[in-house]
Amino acid sequence: MIHTQTGSSRRILTFPAVNPCESIAITTLVDSLLQLAGEILTFKPKDFSTNKRSVKETLRHIQSLVIFFEELRIQIQVGSISASRSAILSLSELHVIFQKLKFLLEDCTRDGAKLYMLMNSGQVSAHFRALTRSISTSLDTFPVGSVDLPGEVNELIYLVMRQTRKSEARPDRDDKRAIDSVYWFFNLFENRINPNSDEILRVLDHIGVRKWRDCVSEIDFIREEISAGEKSNIEIELLSSLMGFICYCRCVILGGIDVDDEEKDKEEDDLMMIRSLNVDDLRCPISLEIMSDPVVLETGHTYDRSSITKWFASGNITCPKTGKTLVSTVLVDNFSVKQVIQSYCKQNGVVSGLKGKKKTIVAESLAAEEAGKLTAEFLAGELINGGEEEMVKALVEIRLLTKTSSFFRSCLVEAGVVESLMKILRSEDQRVQETAMAGIMNLSKDIAGKARIAGEDGGGLRLIVEVLNEGARRESRQYAAAALFYLSSVGDYSRLIGEISDSIPGLVRIVQSCDYGDSAKRNALIAIRSLLINQPDNHWRVLAARVVPVLLDLVKSEEISDAVTADSMAILAKMAEYPDGMISVLRRGGLKLAVKILGSSEVSPATKQHCVALLLNLCHNGGSDVVGSLAKNPSIMGSLYTASSNGEFGGGKKASALIKMIHEFQERKTGPVEPVLERERFIHAW
């Protein structure tokens, strides 16, 4: 069997066919053609929502050619056919055509691509027409006269040649009507008019989008298309309009949410996996931006295709990370990393390939912009005026839309959903509270959303802290922690959050508790770190909440991910900037622990960066006592020189500064020094 390229990693409407080798045996070629034809014939016309006529004609031609191939195989087996060059060439060309037809049929039935394929039915018809006519061209070169085939088979070949030569594959009439309707909907959206729901349902029924989950699949596919590869402004505008349309359909037109428990569990698993990631692992080591097209070198290291291509174009034939000279500069797609990046971008509203910038707050088309506003207004009304079932569906829709883009977040904030969600946070229904808190968390990423959530008197912040400590579900408390992180990016809110007595202790309890996984701990840790960065006065509150011993015990346990370790060391480094924080870290063995982690080969460069920062702050505030203790460690200089030479994530300069401090100390020292803490130093005990 000749191996062909398949898989979901293939871009839609691309056909990476593999040419059979010139020395291939005719028996192998015919067998492979029959297998390919069998795979093509597994498609049934009823499985296609668009281009049905072209599909039927294509399958009919393949069925006729199967008869030809089977008779040809019989003649080969009895030895009545010689493998002439023209026969091999003809069959090889047919093999390539069959591969492309299979790809095209896969695309026509691809999950989530029904609306996209409808709008591109003209292009799809052109592909069917070109490939079908290519069959005739390939058969023209086959030496039919020199092969002893039955008369009816010869007649069948000539019939297929005549039919395929005159193929006029065009979009179906019903497809054209549906396309016109979609463009009419765009026009209505642009004028802030809600389309007729029956007309929308007719189009959705035509393409087979009949359930809520079908819309979810369509949205996921369109989102991937928007973020994948270079596209013209016209293509981006169409995709954006389709996104606005299908989101409107899901939220406004279709009824109940039909997601089963298995799909919910998968979504939660994906969310947990993404949140446990260190985003630095998704960055290209060359550009330090989130990769859009990750590829692997022979050394096993992954880079963004554009960056490593420029590296090679500059005359380099080495691996940038290892410095090893490469035998081959072949780039292999890293599909597993690409899928993780796509999932990360989906969860965090980041567009890969655009230097990790957040999605624009303005839609790429007027139709998408107005459709988004109409959708947001509808959902805001459902929260206020809808019954319990309508309210629950609106909450789920808001939760999903707020993850889609900053544009939808802006629309929902302007529509007034924040105020309704804040009231719902005190719901006795656990699932309702969780969903509302998730929506608030996502809306807290929006600038205007932050102000609406906090409220004029900070009452919203107190309500979120209440959920953080008393939320009915762990997930609700986890989302509350993440919301506090986003809100604390504003200095005034960071101060107000710190002044709420239960805020920082509540975050520390999540970090300390065994009931929470790494993703929940990370939410709490980055919230604590943000409170420290944006409001320095919070450091004594963090210290009083016993963050230092909790984090040191957590890191020493070695039962957490590298990402959690990195976040913990970052907080300890920040605390060590203050004398009382420095003393607390030293008294509990933080110096020795940081040196151990810095010398480990199992932690990320980001974690080592935070270790270097911690050591530097301890030395700055602890003086010669701490520097002397550090200098006695035989492994420290090697670890620091490695960190300095790598220079990743800004850690090189800090490592160099620390090396200089140790050298200067060694030049002045007269003997071994033990770290002694001055008695007059104290720890705040508020």
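The values are calculated or read from the model by the stated rules, or taken from the named source; none is laboratory data. Quantities reported herein were computed from a predicted structural model and do not represent experimental measurements. Counting neighbours? That spans all protein chains shown, and the Cβs are built from the backbone with ideal geometry, glycine included. For accessibility, only protein heavy atoms count, side chains too; no ligands or nucleic acids. Shrake-Rupley method; radii C 1.70, N 1.55, O 1.52, S 1.80 Å.
Can you say whether residue 655 is assigned to a helix (DSSP H, G or I), open to solvent by less than 60 Å² (accessible area, probe 1.4 Å), closer than 18 Å to residue 600 by Cα and modelled with pLDDT under 80, as far as the supplied structure shows?
On the way: assigned to a helix (DSSP H, G or I): yes; open to solvent by less than 60 Å² (accessible area, probe 1.4 Å): yes; closer than 18 Å to residue 600 by Cα: yes; modelled with pLDDT under 80: no.
No.
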Query raised in the report: How about region 557-651: which helices (runs of 4 or more DSSP H) wholly inside it have at least 2 residues that are of a type outside the set (Ser, Thr, Tyr) and under 21 Å from residue 547 (Cβ atoms)?
Result: 562-575, 579-587, 590-598, 605-622
Query raised in the report: Which one of these is at pLDDT below 90 and open to solvent by less than 20 Å² (accessible area, probe 1.4 Å): 375, 360, 404?
Result: 404
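Rundown of residues vs (1) open to solvent by less than 80 Å² (accessible area, probe 1.4 Å); (2) outside any helix (DSSP H, G or I); (3) polar (S, T, N, Q), yes/no style:
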{"residue": "91", "(1), (2), (3)": "yes, no, no"}
{"residue": "111", "(1), (2), (3)": "no, yes, no"}
{"residue": "135", "(1), (2), (3)": "yes, no, no"}
{"residue": "138", "(1), (2), (3)": "yes, no, yes"}
{"residue": "149", "(1), (2), (3)": "yes, yes, no"}
{"residue": "167", "(1), (2), (3)": "yes, yes, yes"}
{"residue": "170", "(1), (2), (3)": "no, yes, no"}
{"residue": "182", "(1), (2), (3)": "yes, no, no"}
{"residue": "189", "(1), (2), (3)": "yes, no, no"}
Query raised in the report: For residue 218, are the conditions met, namely being among the acidic types (Asp, Glu) and buried (at least 20 other Cβ atoms within 10 Å of the Cβ)?
Result: yes
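Which of the residues that make up region 69-85 are more than 13 Å from residue 29 (Cβ to Cβ) and assigned to a helix (DSSP H, G or I)?
To start, the set of residues in region 69-85 that are more than 13 Å from residue 29 (Cβ to Cβ) comprises 70-71, 74-75, 77-80, 82.
Hits for region 69-85 are 70, 71, 74, 75, 77.
For region 414-435, which residues satisfy the criterion of being in contact with a Gly (Cβ under 7 Å, 6 or more places away or on another chain) and within 13 Å of residue 479 (Cβ to Cβ)? If you could, list the steps in order and put the result at the bottom.
Of all residues in region 414-435, those in contact with a Gly (Cβ under 7 Å, 6 or more places away or on another chain) come to 418, 421-422, 433.
Correct list: 421, 433.
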Query raised in the report: For region 553-586, how many residues are more than 32 Å from the chain's Cα centre (by Cα) and either of a type in the set (Asp, Glu) or open to solvent by less than 10 Å² (accessible area, probe 1.4 Å) (or both)?
Result: 10
**Report entry** Which listed residue, of 415, 454, is of a type in the set (A, V, I, L, M, F, W, C) and open to solvent by 30 Å² or more (accessible area, probe 1.4 Å)
**Finding:** 415
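In the set 87, 37, which member is open to solvent by less than 20 Å² (accessible area, probe 1.4 Å), at pLDDT below 90 and within 20 Å of residue 149 (Cβ to Cβ)? Steps first, please.
Values: 37 fails: at pLDDT below 90.
After applying the criteria, what remains is 87.
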Report summary line: Flagged in region 7-22 as modelled with pLDDT under 85 and over 30 Å from residue 120 (Cα atoms), in numbering order, are 22
Query raised in the report: Do the conditions hold for residue 202, that is, is it assigned to a helix (DSSP H, G or I), in contact with an Asp or Glu (Cβ under 6 Å, 6 or more places away or on another chain) and either more than 17 Å from residue 112 (Cβ to Cβ) or open to solvent by 40 Å² or more (accessible area, probe 1.4 Å) (or both)?
Result: no
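Would a scan of region 27-34 turn up a residue that is β-branched (Val, Ile, Thr), within 37 Å of the chain's Cα centre (by Cα), part of a helix (DSSP H, G or I) and buried (at least 19 other Cβ atoms within 10 Å of the Cβ)? Break it down into steps so the answer makes sense when it comes.
Step one: of region 27-34, the residues β-branched (Val, Ile, Thr) are 27-28, 30.
Among the residues that remain, those that are also within 37 Å of the chain's Cα centre (by Cα) are: none.
No, region 27-34 contains no residue that is β-branched (Val, Ile, Thr), within 37 Å of the chain's Cα centre (by Cα), part of a helix (DSSP H, G or I) and buried (at least 19 other Cβ atoms within 10 Å of the Cβ).
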Query raised in the report: When you go through 504, 464, 440 one by one, which is the residue that is free of Cβ contacts under 8 Å to residues at least 40 places away in the same chain, in a helix (DSSP H, G or I) and either of a type in the set (A, V, I, L, M, F, W, C) or crowded, with 16+ Cβ neighbours inside 10 Å (or both)?
Result: 464
Report summary line: residue 387 vs (1) open to solvent by less than 50 Å² (accessible area, probe 1.4 Å); (2) under 19 Å from residue 220 (Cα atoms): all pass except (2)
Requested in this report: Determine, yes or no, whether residue 590 is open to solvent by less than 10 Å² (accessible area, probe 1.4 Å) and either within 32 Å of the chain's Cα centre (by Cα) or not aliphatic (A, V, I, L, M) (or both).
Outcome: yes
**Report entry** Residues of region 418-428 classified as of a type outside the set (Gly, Ala, Ser), more than 15 Å from residue 446 (Cα to Cα) and either open to solvent by 10 Å² or more (accessible area, probe 1.4 Å) or touching a residue at least 60 places away in the same chain (Cβ under 8 Å) (or both), total
**Finding:** 5
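Tell me, yes or no, whether region 124-145 has at least one residue that is closer than 21 Å to residue 205 by Cβ and in contact with a helix residue (DSSP H, G or I) (Cβ under 7 Å, 6 or more places away or on another chain). Give the derivation first.
Going through region 124-145, the residues closer than 21 Å to residue 205 by Cβ turn out to be 124.
Then keep just the ones that are in contact with a helix residue (DSSP H, G or I) (Cβ under 7 Å, 6 or more places away or on another chain); that gives 124.
Among the residues of region 124-145, at least one is closer than 21 Å to residue 205 by Cβ and in contact with a helix residue (DSSP H, G or I) (Cβ under 7 Å, 6 or more places away or on another chain), which makes the answer yes.
Only one residue in 535, 478 is at pLDDT below 90 and either closer than 22 Å to residue 445 by Cα or crowded, with 20+ Cβ neighbours inside 10 Å (or both). Which one? Steps first, answer last, please.
Details: 478 fails: at pLDDT below 90.
Every option except 535 fails the conditions.
Looking at the structure I just gave you, is residue 520 surrounded by 21 or more Cβ atoms within 10 Å (Cβ to Cβ) and not polar (S, T, N, Q)?
Numbers: surrounded by 21 or more Cβ atoms within 10 Å (Cβ to Cβ): yes; not polar (S, T, N, Q): yes.
In short, yes.
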Query raised in the report: Looking at (1) within 14 Å of residue 62 (Cβ to Cβ); (2) modelled with pLDDT of 90 or more; (3) open to solvent by less than 20 Å² (accessible area, probe 1.4 Å); (4) touching a helix residue (DSSP H, G or I) at 6+ places or on another chain (Cβ under 6 Å), which is the only condition residue 105 fails?
Result: (4)
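For every residue, the table says whether it meets (1) farther than 25 Å from residue 536 by Cβ; (2) not aliphatic (A, V, I, L, M).
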| site | (1), (2) |
| --- | --- |
| 460 | no, yes |
| 468 | no, no |
| 475 | yes, yes |
| 482 | no, no |
| 490 | no, no |
| 498 | no, yes |
| 507 | no, no |
| 511 | no, no |
| 520 | yes, no |
